[in-house]
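Chemist: My structure is below; once you've seen it, I'll send some questions.
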Amino acid sequence: MAVRTILSYENPRLRMKSVRVKRVDASIRALIDDMLETMRSAEGIGLAAPQIGVLLRVIVAEYQEEDDEEPKQTVLINPEITEKDGEWMAEEGCLSVPGFVGTVPRAERVTVKGKSRTGKDVRIKTEGLLAHILQHEIDHLDGVLYIDYLDSLDELRKIEPGTRKRRGRRASDENGESTDEAESEEVAEAAALG
Ligand code: NI
């Protein structure tokens, strides 16, 4: 395993479409291990292969919410969103756009199919933080960054780099207004999305 360099948003590779993995073999599993190690080292909660310069359709996610005893890990090869519904405005950041967060529309619930690290077909129906991460990471496979959903880069907000994410529930009141406390928590989450 090795920590690899995470490309930043101006790198053209992040704008390319990644190709499907034809066979899930040892080289793909080595890539997944490197991605997990790189993500953890950057204190992120998700990562897509193109972010380390590999244009293959592979994503990983790992995070621990308050009530979890163990971190929840998701690894998906050739992931595809087959269903989505609901909409919320998600505060989000990206390891390839360090130091900033922005608010973009995302589905609340998604169903994603793909393959596991052993090459088995899997189907994940999820909502909340994992649904959010999966949408963000799958976008990376198509060369899309969350900043593309903003009308202007002026909408980005600067944050302290390296803010560590702890938990991932959306924190805002019914009007969608974050309280001060909720906001710092939310920003901490978004800082490290992936
Ligand atoms: Ni990202």
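The values are calculated or read from the model by the stated rules, or taken from the named source; none is laboratory data. Since we're looking at a predicted model, the values are computed, not measured. Here Cβ is always computed from backbone atoms with ideal geometry, including for glycine, and neighbour counts include all displayed protein chains.
Chemist: Please indicate, with yes or no, whether at least one residue in segment 102-121 is hydroxyl-bearing (S, T, Y), in a loop (DSSP other than H, G, I, E, B) and at pLDDT 95 or above. Spell out the reasoning first.
Modeler: At the first step, the residues of segment 102-121 found to be hydroxyl-bearing (S, T, Y) are 103, 111, 116, 118.
Retained after the next criterion (residues that are in a loop (DSSP other than H, G, I, E, B)): 116, 118.
Of the ones still in play, those that are also at pLDDT 95 or above are 116, 118.
Among the residues of segment 102-121, at least one is hydroxyl-bearing (S, T, Y), in a loop (DSSP other than H, G, I, E, B) and at pLDDT 95 or above, which makes the answer yes.
Chemist: Quick check on my filter: what residues within segment 10-35 are surrounded by 12 or more Cβ atoms within 10 Å (Cβ to Cβ) and either at pLDDT below 95 or of a type in the set (S, T, N, Q) (or both)?
Modeler: Passing the criteria: N11, S18.
Chemist: Going residue by residue through segment 158-181, is there one that turns out to be closer than 26 Å to R13 by Cα and either at pLDDT 90 or above or among the basic types (K, R) (or both)?
Modeler: Yes: segment 158-181 contains one or more residues that are closer than 26 Å to R13 by Cα and either at pLDDT 90 or above or among the basic types (K, R) (or both).
Chemist: Cβ-Cβ under 6 Å, sequence separation 6+ or interchain: first residue in segment 73-97 and under 18 Å from L36 (Cβ atoms) and among the β-branched types (V, I, T), partner within 16 Å of the ligand (Cβ to nearest atom) and part of a strand (DSSP E or B). Which pairs?
Modeler: Pairs found: T74/A61; V75/V60; I77/V58.
Each row is one residue, and each column tells you yes or no for (1) assigned to a loop (DSSP other than H, G, I, E, B); (2) closer than 22 Å to L145 by Cα.
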| site | (1), (2) |
| --- | --- |
| Y9 | yes, yes |
| L14 | no, yes |
| K22 | yes, no |
| R29 | no, no |
| L36 | no, yes |
| M39 | no, yes |
